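Encoded as structure tokens, the structure appears first; notes follow it.
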């Protein structure tokens, strides 16, 4: 059966289970041709098919990111689509391959910053994670990206501080540890007890790294 016929929308389904099942099948079979066909259909005129395909791809990325890494250019290009589901799905896909394709992503840094700053909550979450992972791979990338990450940490909503702090911590090294710790300490005044507990755990981890 053609892999497209296994997509949720083609089956008349409204849930994501067929897409998740297809992702697992493609991973299990190491089906590069099937994955290529799914990636090609990110550009399908049917939004439902676009949505199904990006779901399949980022589910693959969660488990075996090397299988989708070659489609980094497609993910970046489609960040600018008017289909918001596709935009944030592509950002999630990028977040799964940030360490595998840092050069390709860094090359489009300004584009990603723009999309993140204008994006939905999911786009922002995945975008911060993506840039932090890219920054973690190279000193040059870290030098360029880390100030933006710190500015985000200073200005993001209190409820985002724990998770985004965890993402940004991936980019922390010996030269950036102190500024990271200083800025996340400043945010603690606006956190709930539960959020504070998570941040304190992160601070301890960074200090002991």
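Readers should treat all values here as calculations from the given coordinates under stated rules, not as data from a laboratory. The structure displayed is predicted, hence computed values, not measured ones. All Cβ positions, glycine included, derive from the backbone under ideal geometry; neighbour counts span all protein chains shown.
Judged by the mean number of other Cβ atoms found within 10 Å, the most tightly packed of the peptides 18-28, 197-207 leads the ranking 18-28, 197-207. What is the Cα centroid distance between the stretch 150-167 and the stretch 65-142, reported in whole angstrom? So the separation of the two Cα centres works out to 18 Å. Across the stretch 93-180, Cα-Cα pairs farther apart than 21 Å form 19% of the total.
Of the residues 85, 177, 142, 32, the one with the fewest other Cβ atoms within 10 Å heads the list, and the complete ranking is 32, 177, 85, 142.
For the stretch 1-101, taking the reciprocal of the average inverse distance between every pair of different Cα atoms yields a Kirkwood hydrodynamic radius of 13.1 Å. Expressed as a whole percent, the proportion of Cα-Cα pairs in the chain lying more than 30 Å apart is 28%. Adding -39500 (n - 2.57) for every DSSP H run of four residues or longer, then dividing by how many residues the chain holds, sets the calculated 222 nm ellipticity at -20500 deg cm²/dmol. The mean sequence separation of alpha-carbon pairs under 8 Å and at least six residues apart, normalised by the residue count of the chain, gives a relative contact order of 12 percent.
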